[in-house]
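K.L.:
The structure that follows is given in the form of structure tokens.
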Amino acid sequence: MSRTGEKNRWLIAASAMLIHLSIGSVYAYSVYQRPLQETQGWTVGDVTLGFTVAIFTLGLSTALLGRYVERYGPRISGLAAAVAFAGGTMLAGVAVRVGSHVGFVMTYGVVAGVGLGLGYISPISTLVKWFPDRRGLATGLAVMGFGAGALVTGPLANHLIEATDIPTTLFVLGAGYFVAMAAGAWYLEKPPEGWMPAGIDPDAVVEADSHGVIVAADLEQRTASEAIRTPQFSLVWLIVFINVSAGIMLLSVASNMTQSITGASAAVAATVVGLLGLFNGLGRIGWSSLSDYIGRTTTYGTFFVVQILAFLALPNVTTVPLFAAVLFLIVTCYGGGFACLPAYLADLFGTKELGAIHGYTLTAWSMAGVAGPTLVARIVELTGSYDLAFYVVAGMLGVGLVCVGLLRWRVSVVREAQLVGTPHGTER
């Protein structure tokens, strides 16, 4: 078996980060909110619709295009993502220039949204194959870029808007996204068949390398069609849906919630919101790296335990520093859940069609992107308080913890079936 590839795997990871930093700019969408309202006369709901449609399209496109990524490879898929995301962003500038709200939603929400989904999954399965010994770290590096994208785009977009206008800003940003994403996609390539990094015995089932990371054989090698019919997939989908619902609920109301509960000023709340982006990114690399040592199932179980305690504590926390600290802790679990997911799917189903399996799983993100914000908005409208929302989410997280326990049990059942040679051990 070949032990070396022509390309540097750390540059592969850097290329993936370029793509994810670009598409992660969607988290800076709020910088367009007030300028669009003032220049176009659109309502808050009108402007927010562009973001909502983009996130929904992201999840839907990952499911529909996952097989495309597997068939044509990361380079072509990444270039297609660059064209869609950058093109959608620039066309959104045209829509704003002519004052078309429908055009803005269709270009930024749908066209750029397809680029979001395709760009999100294109590098992931390739990274996992280049880092069999560091799956969590590798995917964490990439999706950390997505979580931290707003830190780069937010200040830049705000400066461009102040210096020019929104259409020009979207044109400039779109061009920049294309250059960065195309450059990243051009270097992406799957490793040679049978490639393994130095120091890893490809014939060993379980081995500890010099860093203490456990390199274990995947539970199974499944196609996407086979994987989605297993109980494991259903449990992972529910785990992702619940974890994302909890995090995105907070992100959707973070500023207003901080002001309402702690009495913080709008400026202080804005600072807290900005730091949420930082902890979102840090959680992605931190938790995913830790998962290489303690295992993915244990990591997700920790997410739910931490968040249950945090959400139960939130109604009783009224000081800004402590309230912000609890929010930061929760959002690290939100980001970490995304970062650990590709590696977890590879652990469970192998890397044969990981891109497609990852795409199907991310439909949970689309559903959660609607469920989380809708739940908190409805509860606050009915009760005038966030307290009930915190308790409801804590209950949901309890269900998620049960799902993690069931998944651990299911994995043990599959392994036992493999030992005794039972066929189709994971079929429903």
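K.L.:
Given the options Val143, Ile12, Ser77, identify the residue whose Cα lies farthest towards the positive end of the charge dipole of the stretch 1-145 (+1 on Cβ of Lys, Arg; -1 on Cβ of Asp, Glu).
P.N.:
Ile12
K.L.:
On average, how much accessible surface per residue is there in the chain, in Å², for a 1.4 Å probe, leaving out ligands, DNA and RNA?
P.N.:
39 Å²
K.L.:
Not counting ligands, DNA or RNA, and with a 1.4 Å probe, what is Arg67's accessible surface area in Å² rounded to the nearest 10?
P.N.:
Per-residue accessible area (Arg67): approximately 90 Å².
K.L.:
Under the Karplus relation 6.51 cos²θ - 1.76 cosθ + 1.60, θ = phi - 60°, what is the ordered set of whole-Hz ³J(HN,Hα) values for the stretch 324-332, x standing for Gly and Pro?
P.N.:
4, 4, 5, 4, 4, 4, 4, 6, 5
K.L.:
Where does the longest stretch of the chain lie that holds no GluC sites (Glu not before Pro) found in a DSSP loop with 13 or fewer other Cβ atoms within 10 Å? It would help to have the intermediate numbers written out before the result.
P.N.:
Details: sites that count: Glu6, Glu193, Glu427.
Longest run free of exposed loop sites: 194-426.
K.L.:
Order the following by accessible area, largest value first: His101, His159. Probe radius 1.4 Å; ligands, DNA and RNA are ignored. Please report the intermediate quantities before stating the final value.
P.N.:
Values: His101 45, His159 110 Å².
The most accessible residue leads, giving His159, His101.
K.L.:
Now for a separate question. Within the accessible area of the stretch 57-145, what % is carbon and sulfur when the probe is 1.4 Å and the other protein chains stay in place? It would help to have the intermediate numbers written out before the result.
P.N.:
Working: 1860 of 2530 Å².
That share works out to 74 percent.
K.L.:
Follow-up question, since we're still on this one. Under a GNM of the chain (C-alpha, springs under 10 Å), which listed residue has the highest mean-square fluctuation: Gly50, Gly263, Gly66?
P.N.:
Highest fluctuation among the options: Gly263.
K.L.:
Under 8 Å for C-alpha pairs, at least 6 residues apart: give me the relative contact order for the chain, rounded to a whole percent. Can you show the working numbers first?
P.N.:
On the way: 761 pairs, mean separation 107.1, N = 428.
It rounds to 25 percent for the chain.
K.L.:
Tell me the carbon and sulfur percent of the accessible area for the stretch 338-388, rounded to whole percent, probe radius 1.4 Å.
P.N.:
Numbers: 960 of 1580 Å².
Carbon and sulfur atoms account for 61 percent of the accessible area of the stretch 338-388.
K.L.:
Work from the charge dipole of the chain (Cβ charges, +1 for Lys and Arg, -1 for Asp and Glu, about the Cα centre) and give the residue of Pro315, Ala368, Thr383 farthest towards its positive end.
P.N.:
Ala368
K.L.:
At 0.36 nm per residue, minus the direct Cα-Cα distance, what do Ala270 and Ser225 gain on full extension? Give it in nm, one decimal, please.
P.N.:
11.8 nm
K.L.:
Along the stretch 34-43, what does the Karplus equation 6.51 cos²θ - 1.76 cosθ + 1.60 (θ = phi - 60°) give for ³J(HN,Hα), rounded to whole Hz, x for Gly and Pro?
P.N.:
After applying 6.51 cos²θ - 1.76 cosθ + 1.60, I find 5, x, 5, 4, 6, 8, 9, x, 7, 7 Hz.
K.L.:
Rounded to the nearest 0.05, what FRET efficiency is calculated for Ala377 and Leu419 with R0 set to 41 Å and r the Cβ-Cβ distance?
P.N.:
Values: r = 50 Å, r/R0 = 1.21.
Once rounded, the FRET efficiency stands at 0.25.
K.L.:
For Val31, Val244, write out the residues from largest to smallest accessible area, computed with a 1.4 angstrom probe and no ligands counted. Intermediate results must be reported in sequence, preceding the final value.
P.N.:
Values: Val31 35, Val244 5 Å².
From most accessible down to least: Val31, Val244.
K.L.:
Okay, helix-only estimate at 222 nm for the chain: each DSSP H run of n ≥ 4 adds -39500 (n - 2.57), divide by all residues, round to 500 deg cm²/dmol; what do you get? Don't jump to the answer; show the numbers that get you there.
P.N.:
On the way: 16 runs with 326 residues, N = 428.
So the helix-based figure for the chain works out to -26500 deg cm²/dmol.
K.L.:
Please turn the phi angles of the stretch 250-261 into ³J(HN,Hα) values with the Karplus equation 6.51 cos²θ - 1.76 cosθ + 1.60 (θ = phi - 60°), one per residue in order, whole Hz, x for glycine and proline.
P.N.:
Listing the rounded values in order: 5, 4, 6, 10, 4, 5, 4, 5, 4, 5, 5, 7 Hz.
The values are calculated or read from the model by the stated rules, or taken from the named source; none is laboratory data. Remember, it's a predicted structure, so these values are computed and weren't measured experimentally. Quick reminder, even Gly has a Cβ in these numbers, built from the backbone with ideal geometry, and neighbours come from all protein chains shown. Areas reflect the complete protein model, heavy atoms only, side chains present, ligands, DNA and RNA absent. Shrake-Rupley method; radii C 1.70, N 1.55, O 1.52, S 1.80 Å.
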